[in-house]
Amino acid sequence: MGDERRLITQQTDELLTVLNRQRHDWLNHVQVLLGYLHLNRTEQGEAHLKRIAEMAMQESMIARLGNSLLSVFFLTFNALNKEMLLDVDVCEKVNLSHIVLDEQSLFQMVSEILCTVNEHVAQDGYEPASMQVSLFTGESGVHFRFDLAGELTVSGLDELEKLVRKSEQSAVEVTEWIHTEEEWILELIVPFS
């Protein structure tokens, strides 16, 4: 019973962290809008509202990916991690329930890639690195493109190479892979079932 309570407490703490971060972000948006209104800068205020609407639409598309594990991971990553900012761009309606990998296998592959990058990204002290993950549906499957703006440690490059080699042993196709200390891009296609 003690382990169950610890797990529930840990999950509750993580949920509160996520909710506090989201509340903080929304309050920042409200303050920016109030500032534009106070300065009578309606054009800038309108542009900011459009950006907020686009962000909310992306979050909605992420929530409807057809893989609840991956959706929650994407939507909570920034609140739970400070080393790297994650920006997920779902380019169109993507349904992950029609691919060859099951929900758990896909979640494990993507989360291992992102967590490994997060653990091995070089910290320069100014701004955190950022990872752009783009998802879109192609003719043969769903494309996952990972584009890191930041540097990886040598050990991180080695760990990621192992993960990419592991994914190549499954049905996943690696269509692009640039891996230097200055640039790290990976594009995968997960075929339809």
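The values are calculated or read from the model by the stated rules, or taken from the named source; none is laboratory data. Keep in mind it's a predicted model, so treat the numbers as computed, not measured. Cβ coordinates were reconstructed from backbone atoms using ideal geometry, including for glycine residues, and neighbour counts include every protein chain displayed. Side chains included, ligands, DNA and RNA excluded: accessible areas come from the protein's heavy atoms. Shrake-Rupley method; radii C 1.70, N 1.55, O 1.52, S 1.80 Å.
What spacing in nm lies between the two simple spin-label points modelled at Asp124 and His29, each 7 Å away from Cα in the Cβ direction?
Taking the simple label geometry, Asp124 and His29 are separated by 2.9 nm.
What is the antiparallel percent of DSSP beta bridges lying wholly in the chain, to the nearest 5?
In the chain, approximately 75 percent of DSSP beta bridges are antiparallel ones.
Apply 1/(1 + (r/R0)^6) to the Cβ-Cβ distance of Gln104 and Gln169, taking R0 = 22 Å, and write down the FRET efficiency to the nearest 0.05.
Working from the Cβ atoms, E equals 0.85.
What FRET efficiency comes out for Glu4 versus Asn40 if R0 is 41 angstrom and r is the Cβ-Cβ distance? Round to the nearest 0.05.
For R0 = 41 Å, the calculated efficiency reads 0.15.
Rounded to the nearest 0.05, what FRET efficiency do Leu15 and Phe136 give with R0 = 30 Å and r taken as the Cβ-Cβ distance? Could you check?
Once the sixth-power term is evaluated, E becomes 0.50.
Mind listing the long-range amide H neighbours of Ile99? Cut-off is under 5 Å, sequence gap 5 or more, other chains count too, H placed in the peptide plane at 1.01 Å from N.
Sorted by chain and number, the residues that satisfy this are Ser193.
Pull out the extension gain between Lys82 and Ile185, defined as 0.36 nm times the separation in residues minus the alpha carbon to alpha carbon distance; nm, one decimal.
Fully extending the segment from Lys82 to Ile185 adds 35.0 nm.
How do Met131, Met57 rank by accessible surface area computed with a 1.4 Å probe, from largest to smallest?
Met57, Met131
To the nearest 10 square angstrom, what accessible area does Lys82 show with a 1.4 Å probe?
About 130 Å², ignoring ligands and nucleic acids.
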